[in-house]
Amino acid sequence: MTTPACLHDAAPAQSATATRPTVLLIVGTRPEAIKMLPVIMAFRDRGRFTPVVVSTGQHARMVREVLALGGIRPDVEFDELTGRRSLNGLFAHVTGEMDAWLRSTFGDAPGAAGFPVAALVHGDTTSAAAAAVACFHAQIPVAHVEAGLRTGDTSSPFPEEMNRRLIGRIAAMHFAPTTTNLDNLLREGVTPDRVVVTGNTAIDALMWVSRLHVPYSDEHVAAATEVERTDAPVIVVTAHRRESWGEGLVNIGRGIRRIAELYPHARIVLPLHPNPAVSETLGGILSGVPNVLLTAPLDYAEFARLLGRASLVITDSGGVQEEAPALGVPVLVTRETTERIEGVVAGTLELVGTDPDAIVAAARRLLDDAELYAERTRRVNPYGDGTAAQRIAEACEHALLEGCERVPALVA
Ligand code: UDP
């Protein structure tokens, strides 16, 4: 068990009488907006801070679209970097914009009334790393959401692995999705009182957005999923990973085709990745199969709705391996290995590789055995239970408003 500390050693915690201190919530890309949306909503709804949403301009339009799902608008949006966007150029642009905005909005006296008491950055993008550095220079304590992910190889993913480590060195508080992430941070010398294991906010976002029941823009998807659950399983398939291109993808396509033939009453929905290496291969094998619907990639909220209706997911996607089990949907992973090993251990994921026989056999076991299927849907998703954002907001209140005197039990 770990408990949160004060976010900033040097800054005394604000007294309970102070009115709603400012907290910055910083987003740059669309995935960051998706995963920060529940955090921003939690800060807004709990009403203890004045949340100020900063969009660094990296994916400005898409960030606006995602935040709008929760009725949020960025309070400030930096100009988009135009022309060729080198990593150094992007880093310099974001630190420069942050610095100018912080000075013009809050002055440069940390501790003065209205000066931000913390800045939350998410994940591992260059924009998040640059924003963290800018806040550090401005003496605003940084809290890192989705902290502690590590591959151990700074060239993969590049530059994200180094961005994670950089933010991890700057951060005063780390919100780690899993205990594996916690262990990574402890190995790097972070003290346990600075880490809170929260689950991944991606799960909060998915659970929330899947309940919005946004209308499908593709009428075929609507038709395929309208069938009653008892009448027809809906199988959702995604496949895009580079290491599967070629033979692996052909085999995945063959496996899916055999499942479609074995279960003619099932509906298989496959949002096709736009890369021709994927769409042409899978399209060649699966187009014309009557119960397979090949669609364009779905909007996030539509995809979340589709996952909520799925009986089974067959995927090689990293994110979907974490998301589908949150909605109680068993997942077959068409890869030889997965970095989501916690899911395999918990039994929410079954690694089946790309051999068509293995894919078909695993699907049959689940579709034909109601007891096994029910047992699989009851497994606990190790990536979160949809309360990560509340835990993050609660930990910030505890650390920043309550002077670390009351220590809520945040980690089981
Ligand atoms: N996703 C989506 N529309 C789709 C397929 C996936 O919005 O048609 C979302 C999905 O919910 C997840 C993310 O895209 O959050 C995963 O993307 P992808 O599988 O491309 O990448 P990975 O997770 O492997 O990096």
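The values are calculated or read from the model by the stated rules, or taken from the named source; none is laboratory data. What you see is a predicted model, and the numbers here were worked out from it, not measured in a lab. Please note: Cβ atoms are built from the backbone with ideal geometry, for glycine as well, and neighbour counts cover all protein chains shown.
Here are a few things to note about the model shown:
- Single unsatisfied condition, residue 392 versus (1) closer than 25 Å to residue 256 by Cα; (2) surrounded by 23 or more Cβ atoms within 10 Å (Cβ to Cβ): (1)
- Taking helices (runs of 4 or more DSSP H) as the structural unit, those lying wholly within the range 259-323 and holding at least 2 residues that are within 9 Å of the ligand (Cβ to nearest atom) and either touching a helix residue (DSSP H, G or I) at 6+ places or on another chain (Cβ under 6 Å) or not charged (D, E, K, R) (or both) correspond to 300-309, 318-323.
- Some residue of the range 163-180 being in contact with a strand residue (DSSP E or B) (Cβ under 9 Å, 6 or more places away or on another chain), touching a residue at least 40 places away in the same chain (Cβ under 8 Å) and surrounded by fewer than 24 Cβ atoms within 10 Å (Cβ to Cβ): yes
- Scanning the range 342-357 for residues that are in a helix (DSSP H, G or I), surrounded by fewer than 22 Cβ atoms within 10 Å (Cβ to Cβ) and either in contact (Cβ under 8 Å) with a residue 40 or more places away in the chain or of a type in the set (Asp, Glu) (or both) returns 342, 356, 357.
- Within the range 14-65, restricting attention to residues that are within 17 Å of residue 122 (Cα to Cα) and among the charged types (D, E, K, R), the residue that is farthest from the chain's Cα centre (by Cα) is 64.
- Selection from the range 168-188 of residues that are assigned to a helix (DSSP H, G or I) and either on the phi > 0 side of the Ramachandran plot or acidic (Asp, Glu) (or both): 183
- Residue count for the range 206-234, restricted to those that are within 17 Å of residue 311 (Cβ to Cβ), over 22 Å from the mean Cα position of the chain (by Cα) and either within 12 Å of the ligand (Cβ to nearest atom) or buried (at least 21 other Cβ atoms within 10 Å of the Cβ) (or both): 3.
- Subset of the range 12-37 [within 16 Å of residue 55 (Cα to Cα), among the basic types (Lys, Arg) and either at pLDDT below 95 or away from the ligand (no atom under 16 Å from the Cβ) (or both)]: 30
- Test: residue in the range 239-257 that is more than 16 Å from the ligand (Cβ to nearest atom), in contact (Cβ under 8 Å) with a residue 60 or more places away in the chain and crowded, with 20+ Cβ neighbours inside 10 Å: yes
- Residue 337 falls short on exactly one of the conditions (1) within 15 Å of the ligand (Cβ to nearest atom); (2) in contact with a helix residue (DSSP H, G or I) (Cβ under 9 Å, 6 or more places away or on another chain), and that condition is (2).
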